[in-house]
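**Q** Next up is a structure, given as structure tokens.
Every number here is computed from the coordinates shown, using simple stated rules; none is lab data. Everything numeric in this text was worked out from a predicted model, so none of it was measured. Neighbour counts run over all protein chains shown; Cβ positions are idealised from the backbone, glycine included.
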């Protein structure tokens, strides 16, 4: 066949193959155009999942009458005019391909009015060809109607799924946009029935309501607020508690400058941040917003704009990991129940306990439980495999209720005297079946898995002790030769300090071969060859790696598990209270090393409902 120019209609139909995959793709392009036009309310109407009809109506700025026909031509846009604009683009759309591509594969109508116009103007498109513009009635804003999607390309239509499936894709898309643009009102109607209504959120309360509307009360009530800024990056949003993880990665929303994207650098950073607290096979839930200088991110790397490319991916990765890691570190058991308790000197109890001071206010009386004495600084419980400190006297002295000689009596005395002003995890009452600790709090009861809790306490202490020593190198008697690619060998030769910091001693011995002469001493016995190859791949791909730390932590986790108190080990009341106090002071103590919850709570209201009290 001779070379020839393609007809304009065919060009648009080919472009539609990249832009228009299904009804949700059409809704995405049209709603993003409405948001770019400054719309504060967008209504989406569907029939048959969007296959028969998609109507998107907004109250944005509108399109001038003499520009309507131009808006339906390829690569016509009001959002960029030069390369500088493209490199710093903040709008959701910018290519000018959406409208002509959609019009080429549907029966299309565009109606719009600007604030200055006396009336609206309407343009119809049939078989990919625009008809002359006609006057119409319409308020300020724009309405786009897309009927019989893919009627002109029947082969594409056969790939569409059932009505329910196509609607579900649109519903998820609107949810994604609703979380990104909380100040805008979004409404969804299907087959004449109102399905979703995301009201505009102008304050934190409204944002929480929209979060609950989009993801359910389960997420909004079990999440942490994140806000961190550094190196020109600003991260805000919510991350789900580790104990509220999901079996699928279906509640993970990440936005860059308001644009919903999928990015492997971010996915890797989030997975690493949750590595220490997530149960095997589970996925975290999160809604995160990253604000960054638009010139430091390339949004023009995917036809549907689902992906971006960061100029400094390593910086973004490390910033994301550090921000989430620090947020998750504060998930101490009982933290959500604690009130800001402060002593006369203005020092909060939570701060004093977290600093490990075993602090007791000045003038506090010495308290004695059985044969064990507790004084300023606390006393190690030597009967447990790892030392824990009793902090009960801290709270008792602070609230003027010195514990009695009998431990059971002391709990009642403290609880009664303080009128509910008790530690977040309360005071121990009993041990259940040699496995769980039952504790009374100000407004209910706490049940603690003693092995899981003690395991996390020991694990965090081992990590702290090990990180203070640095990484010692174990020199191999017989160096191991490892075959690598020339690129990998070049990287090893050019970056010896990066490997030395991780405890590896390497030398390049051939164009595609390196010699492993030393490994981290703590990891003796692991598959050093595979670990090194994984570390090398991470350093080349991401610029950083935590493989060595993960391997080390896995070993320390095993050590802590073996050292933790076992089931059927009878604990005294002071020992139980010591464990509770250390849980309150230990990072990530809400989960054990394997991601299982260490504690649960039943409030008085829940107990009353259980026994139908007050009905």
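**Q** So for 83, 607, fewest C-beta neighbours within 10 Å to most, what's the order?
**A** 83, 607
**Q** Considering the alpha-carbon set of region 79-155 alone, what are its Rg and its Dmax in angstrom?
**A** 15.1, 43
**Q** Which ordering of 280, 169, 306 is given by a fewest-first count of other beta-carbon atoms within 10 Å?
**A** Ascending number of Cβ neighbours within 10 Å: 280, 306, 169.
**Q** Still on this structure: P(r) for region 8-198: what percent of alpha-carbon pairs falls in each 5 Å bin, starting at zero?
**A** Taking all Cα pairs of region 8-198, the binned fractions are 1, 8, 17, 21, 21, 18, 10, 3, 0 percent.
**Q** Further question: Would you mind computing, in nm to one decimal, how far apart the modelled labels at residue 467 and residue 608 are, each placed 7 Å from Cα along Cα→Cβ?
**A** 4.3 nm
**Q** Could you put 608, 534 in order, starting from the residue whose Cβ has the fewest other Cβ atoms within 10 Å?
**A** The fewest-first ordering by Cβ neighbours comes to 608, 534.
**Q** Using 0.36 nm times the number of residues separating residue 134 and residue 230, minus their current alpha carbon distance, what extension gain do you get?
**A** 29.2 nm
**Q** Further question: If packing is taken as the mean number of other Cβ atoms within 10 Å per residue, what is the order of 192-204, 442-454, 99-111, highest first?
**A** 99-111, 442-454, 192-204
**Q** Give me the extension gain from residue 493 to residue 10: residue separation times 0.36 nm, minus the current Cα-Cα distance, reported in nm with one decimal.
**A** Full extension of this stretch gives 168.6 nm more.
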